[in-house]
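Working notes, structure below.
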Amino acid sequence: MGERVVIVGGGAGGTILANSLDPKRFDVTVLASSPVHLFQPALLYVAFTGAHPRATRDEHRLLRRHVRFVQDAATKVDLTDKVVTTSSGARFGYDAIVVATGMAPDPSQIPGLAEVDARFGDYHTDLAQAEKLWSSLQAFNGGTIAVGQASPIVKCPPSPLEGAFLAEELVTRRGLREKTRMVFFTPYPRAYPSAPMNEVVEPIMRARGIEIMEFFDVDRIEPETRTIRSIEGDEIVYDLPIVIPPFVGADITYEPCDVVNEDRFLITDKETLQIKGVDRAFAIGDGSNLPTSKAGVGAHLEAKAVATALAGRPVRFTGRTHCPFDVGYGRGTFVIGSYDAPVVKARPSRVKRLMKMAFEWIYWISLSGVIEPVFTVYFKLTAPKPAPASGSVPDSSSSLT
Amino acid sequence: MDETTTQHATPHTVVDSRGSSCPGPITDLTLAYRRSKVGDIIELWATDPGVRPDLQAWARKTGNKVVSVDDEDGKIVAVLEIVKR
Ligand SMILES: Cc1cc2nc3c(=O)[nH]c(=O)nc-3n(C[C@H](O)[C@H](O)[C@H](O)COP(=O)(O)OP(=O)(O)OC[C@H]3O[C@@H](n4cnc5c(N)ncnc54)[C@H](O)[C@@H]3O)c2cc1C
């Protein structure tokens, strides 16, 4: 029997990892609370364009034959005794574990948000919520649309701005632009947190008349007066609030308990991806506390890095990000960076938008791991250049192969 | 981000944001600010030089105090005092 690897979570990261492990060496189990795999980036288009993509697949079918799939939620992970306990009471012993449980929306952190979410929908929770937001946008007839994130932790950093751009495009197409005030709020000092990319997108926002409220960290929402208030003391009165909820890690108890932070994100070595102080235990994707974007591309590269580490080869995760960014009206760009290479300016174009749209079908194939060589070449060709002054180790994306 | 609380007279939180890539150290600072109370000290470590102007802008906006910003061999150490919440 091969080394027993339990992967908790069957999303972007867990699925790629399971399919990347050599069946001759590893006995792989994927444990996921949901039998359905959702392509989350599709929520943007469901909410803002009314699209009906085939956004879900049966997780079991995405896994290679040798991978055992168990639909059950982990409730306890004992990293000392190497046992995972599930909500049905089952116990799974392992030799190595990888936690890939993503992150879940937690509107309860912001007073008033659950009520606003239930009424207007949002585009970061699930398909039903995204469809509700599309209905809210259809019902909108002029007034103030306020779009933004309620906490600094968000899935895919461009997604809040993508929502603002697509909402603006929609109201313009519906002939409501004159009657609409578009406000974008953000806890950051500027519309897009990374300054070079902000230099690209902020002028576009200004040209389209989207107001920017910087340093607006949502404190609470008062549905009765339709007001969003910030910790910094500002307020926005809305007609249609599009508020991205705060996120937390999965509801799992760990032993030892100090491997997760206050928001239940796993404390993870940013280069080895090992869970703090535990051998043959790793965290990948949105559920870790890595100082990089929460994105499917990161989950993918982290999965490949952990597959390499489990196979006994040295690896350094470079913190590579590669987030597609739809700026509306058929144009898009990419946010590319790593621990060693700061994000640089990248002008929007029609071709980049098409690349983003192509990603939807490439995603399902990428999960199988069969087109990995193509990805390796693509990520190498698009690798960001390390900052000359940093003096740090060069980008080693190649070690991720 | 690696957050630890050390033994000081006032609550003192060290926020290690070194080598943080997009969206960067300001994420960690914002999270620490959310959890802070008046009188707390936040010590932010970063390597991204862009953090300097961001800290000043943050302090101006939130009405809090940048006590010091030092460069220790490429590690930027900023000490912030929460005077307003
Ligand atoms: C609107 C939007 C747009 C986005 N756009 C992009 C984009 O353009 N590019 C990009 O790269 N990324 C994008 N993302 C982000 C991307 O979808 C996520 O970062 C990615 O899915 C994270 O992968 P993951 O494997 O960490 O978690 P997920 O894919 O969320 O998977 C988590 C898995 O863990 C399981 N799970 C949770 N709790 C438990 C438990 N207790 N026990 C067992 N299983 C559990 C879940 O069932 C699921 O299978 C976007 C996201 C949104 C919402």
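Points to keep in mind about this one:
- Remark: region A:25-42, residue by residue, has Karplus-estimated 3J(HN,Hα) of 9, 10, 9, 9, 10, 9, 10, 9, 6, 10, x, 10, 9, 9, 7, 4, x, 5 Hz, where x stands for each Gly or Pro and the curve is 6.51 cos²θ - 1.76 cosθ + 1.60 at θ = phi - 60°.
- In terms of other Cβ atoms within 10 Å, B:ASP16, A:ASP117, A:ASP286, B:ASP73 run from fewest to most in the order B:ASP73, B:ASP16, A:ASP117, A:ASP286.
- Region A:174-244: C-alpha pair distances exceeding 14 Å, %: 63
- Taken residue by residue and averaged, Cβ atoms of other chains lying within 10 Å of the Cβ of A:1-11 number 0.
- Cβ-placed point charges (K, R +1; D, E -1), dipole of chain A about Cα centre in debye, nearest 20: 1640
- Karplus (6.51, -1.76, 1.60) ³J(HN,Hα), θ = phi - 60°, over region A:16-21, in Hz, Gly and Pro reported as x: 4, 4, 4, 6, 8, 8
- Ranked by how many other Cβ atoms sit within 10 Å of their own Cβ, fewest first, the residues A:SER136, A:SER288 fall in the order A:SER136, A:SER288.
- Peptide-level mean, for B:26-35, of C-beta atoms on other protein chains within 10 Å: 6
- Ordered by the count of other Cβ atoms within 10 Å of each Cβ, fewest first, A:TRP364, B:TRP45, B:TRP58 give A:TRP364, B:TRP45, B:TRP58.
- Around the amide H of A:TYR188, modelled in the peptide plane, lie the amide H atoms of A:PHE215, A:PHE216, all under 5 Å away and 5 or more residues distant in sequence or on another chain.
- Partners of A:LYS132 within straight-line reach, counting lysines whose Cα lies under 29 Å from its Cα and excluding those fewer than 8 residues away in the same chain: A:LYS155, A:LYS179, A:LYS294, A:LYS352, A:LYS356.
- Amide hydrogen proximity for A:THR180: with H placed 1.01 Å from N in the peptide plane, the residues at 5 or more positions away or on another chain lying under 5 Å are A:GLY143.
- Per-residue shielding of B:51-63, expressed as the average number of other chain Cβ atoms within 10 Å of the residue Cβ, stands at 3.
- Once the C-beta distance of A:HIS66 and A:PHE359 is scaled by a Förster radius of 41 Å, the resulting FRET efficiency is 0.90 to the nearest 0.05.
- Computed extension length for A:ASN141-A:ALA207: 21.5 nm, one decimal, from 0.36 nm per residue of separation with the Cα-Cα distance subtracted.
- Kirkwood Rh and Cα Rg combined as Rg/Rh, region A:13-147: 1.08
- Neighbour-limited loop hits for chymotrypsin sites (Phe, Trp or Tyr not before Pro), region A:109-209 (at most 14 other Cβ within 10 Å; DSSP other than H, G, I, E, B): none
- With all pairs of separate Cα atoms included, the protein assembly as shown yields a Kirkwood hydrodynamic radius of 23.0 Å.
- FRET E, pair A:THR253, A:GLU178, Förster distance 45 Å, beta-carbon r, rounded to 0.05: 0.25
- At most 12 other Cβ within 10 Å, DSSP loop - GluC sites (Glu not before Pro), region A:223-308: A:GLU224, A:GLU262
- Whole-Hz couplings from phi, Karplus 6.51/-1.76/1.60, listed for region A:342-347; x for Gly and Pro: x, 4, 10, 5, 9, 5
- In this structure, the amide hydrogen of A:VAL83, modeled 1.01 Å from its nitrogen in the peptide plane, lies closer than 5 angstrom to those of A:ASP78, counting only residues at least 5 positions away or on a different chain.
- For the residues A:ILE284, A:ILE231, A:ILE97, a GNM of chain A with alpha-carbon springs under 10 Å puts the largest fluctuation on A:ILE231.
Every read-out reported here was derived from the displayed coordinates using simple, explicitly stated rules and does not represent laboratory data. Since the structure is predicted, the reported quantities are computational estimates derived from the model, not experimental observations. Please note: Cβ atoms are built from the backbone with ideal geometry, for glycine as well, and neighbour counts cover all protein chains shown.
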